[in-house]
Amino acid sequence: QVQLVESGGGLVQAGGSLRLSCAASGRTFSSYAMGWFRQAPGKEREFVARISSSGSNTYSVDSVKGRFTISRDNAKNTAYLQMNSLKPEDTAVYYCALGSPVLAGTMVHQYDYWGQGTQVTVSS
């Protein structure tokens, strides 16, 4: 069993930055692909970014490209989402998730383990 704990959320003004962290328990973190998702009030959970198990490959949704960077440190069992140039539309609860390195892509159901989420609020 793997447990994930997100941190780093908060309130920031538009144009500001935040770095989210996702700490994983267990010794198999490096075997999984990692994804970040977000869910705004009244909306479905949506994909933000994905990183391969080794960290060598990343992919992000167009709306955050050039602003958000996903990374991971397998030695620390931790993944990160650096968010710059934040916009009010980035306001959401952000979740990290682990999934099979083969199957985990951009869909919620492709991930096996989820954190509890961290709130990000961007004021205009």
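Would you mind stating whether G66 is open to solvent by 50 Å² or more (accessible area, probe 1.4 Å) and within 20 Å of Q119 (Cα to Cα)?
no
All but one of (1) at pLDDT 95 or above; (2) open to solvent by 30 Å² or more (accessible area, probe 1.4 Å) hold for P41; state the number of the condition that does not hold.
It is condition (1) that P41 fails.
Tell me, yes or no, whether the range 90-102 has at least one residue that is in contact with a strand residue (DSSP E or B) (Cβ under 9 Å, 6 or more places away or on another chain), open to solvent by 50 Å² or more (accessible area, probe 1.4 Å), touching a residue at least 40 places away in the same chain (Cβ under 8 Å) and part of a loop (DSSP other than H, G, I, E, B).
Among the residues of the range 90-102, at least one is in contact with a strand residue (DSSP E or B) (Cβ under 9 Å, 6 or more places away or on another chain), open to solvent by 50 Å² or more (accessible area, probe 1.4 Å), touching a residue at least 40 places away in the same chain (Cβ under 8 Å) and part of a loop (DSSP other than H, G, I, E, B), which makes the answer yes.
Given the structure, is V108 surrounded by 13 or more Cβ atoms within 10 Å (Cβ to Cβ) and closer than 22 Å to S123 by Cβ? Spell out the reasoning first.
Values: surrounded by 13 or more Cβ atoms within 10 Å (Cβ to Cβ): yes; closer than 22 Å to S123 by Cβ: no.
Taking the combined requirement at face value, the residue does not satisfy it.
Quick check on the range 45-58: of everything there that is over 16 Å from T118 (Cα atoms) and in contact (Cβ under 8 Å) with a residue 40 or more places away in the chain, which residue is surrounded by the fewest Cβ atoms within 10 Å (Cβ to Cβ)?
Going residue by residue through the range 45-58, those that are over 16 Å from T118 (Cα atoms) are 50-58.
Then drop every residue that is not in contact (Cβ under 8 Å) with a residue 40 or more places away in the chain, which leaves 50, 52-53.
Values: R50: 23, S52: 15, S53: 21.
Among those residues, the one meeting the criterion is S52.
Go through the range 24-57 and report how many residues are under 11 Å from the mean Cα position of the chain (by Cα) and among the small types (G, A, S).
Taking the range 24-57 first, the residues under 11 Å from the mean Cα position of the chain (by Cα) are 34-38, 46-51.
Applying the additional criterion that residues be among the small types (G, A, S) yields 35, 49.
Matching residues across the range 24-57 total 2.
Go through the range 69-97 and report how many residues are within 19 Å of S124 (Cα to Cα) and out of contact with any Phe, Trp or Tyr (no Cβ under 8 Å at 6 or more places or on another chain).
Qualifying residue count, the range 69-97: 9.
The values are calculated or read from the model by the stated rules, or taken from the named source; none is laboratory data. Every value quoted in this text rests on a predicted model; they were computed, and no experiment measured them. Please note: Cβ atoms are built from the backbone with ideal geometry, for glycine as well, and neighbour counts cover all protein chains shown. Side chains are part of the model used for accessible areas, which takes the heavy atoms of the whole protein and leaves out ligands, DNA and RNA. Shrake-Rupley method; radii C 1.70, N 1.55, O 1.52, S 1.80 Å.
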